[in-house]
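> Below you'll find the structure I mean.
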Amino acid sequence: MLDRLKAPKGANQKRTRRGRGEGSGLGKTSGRGGKGQTARSGGNIKPGFEGGQMPLQRRLPKRGFTNIFKVKSRVVNIGDIAKAFKKDEVADPASIAEKGLVKGRRGLIKVLGEGEIKVALTVKANMFSKSAEEKIKAAGGVAEVI
């Protein structure tokens, strides 16, 4: 059947040859209109340019700032840890990342209390929410801040 594969009707179109006579529909000005900057080759206008008027992004007041010292944390739910690890295993940042529970390689790991945990685990992370810590301890595990 692969030898009979064909593009659907209208999928393949001939490229438009501009500037090849008035009869083509794209002759003379080649679809660029008449005169001016955009009719010229290389005559492009940068995004946001408003013809010399003060651009919108410069007219609007600026607010706030970006904190360059902000610490980004990667979050993982306790329910996901409970599914991925067996009883008496140690869930440290390396093993959590290895099992694909968090995205990225950098950043601190924070364990959140979403989900249920019934197995006793030793969970090592940089931060814990109160509910996550309580659930780990209630299941007989250890929440260790590193």
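> Of a type in the set (Val, Ile, Thr), surrounded by 10 or more Cβ atoms within 10 Å (Cβ to Cβ) and part of a loop (DSSP other than H, G, I, E, B), is that true of Thr16?
Yes; evaluated as a whole, the condition is true for this residue.
> Considering only residues that are among the hydrophobic types (A, V, I, L, M, F, W, C) and in contact (Cβ under 8 Å) with a residue 12 or more places away in the chain, which ones fall in region 38-90?
Once the filter is applied, which keeps residues that are among the hydrophobic types (A, V, I, L, M, F, W, C) and in contact (Cβ under 8 Å) with a residue 12 or more places away in the chain, region 38-90 yields Val71, Val75, Val76, Ile78, Ile81, Ala82, Ala84, Phe85, Val90.
> For region 107-124, state whether one or more residues are farther than 30 Å from Arg18 by Cα, at pLDDT below 85 and of a type in the set (Asp, Glu).
no
The values are calculated or read from the model by the stated rules, or taken from the named source; none is laboratory data. Quick caveat: nothing in here was measured; it's all calculated off a predicted structure. Don't worry about glycine lacking a Cβ; one is built from the backbone with ideal geometry, like all the others, and counts go over all protein chains shown.
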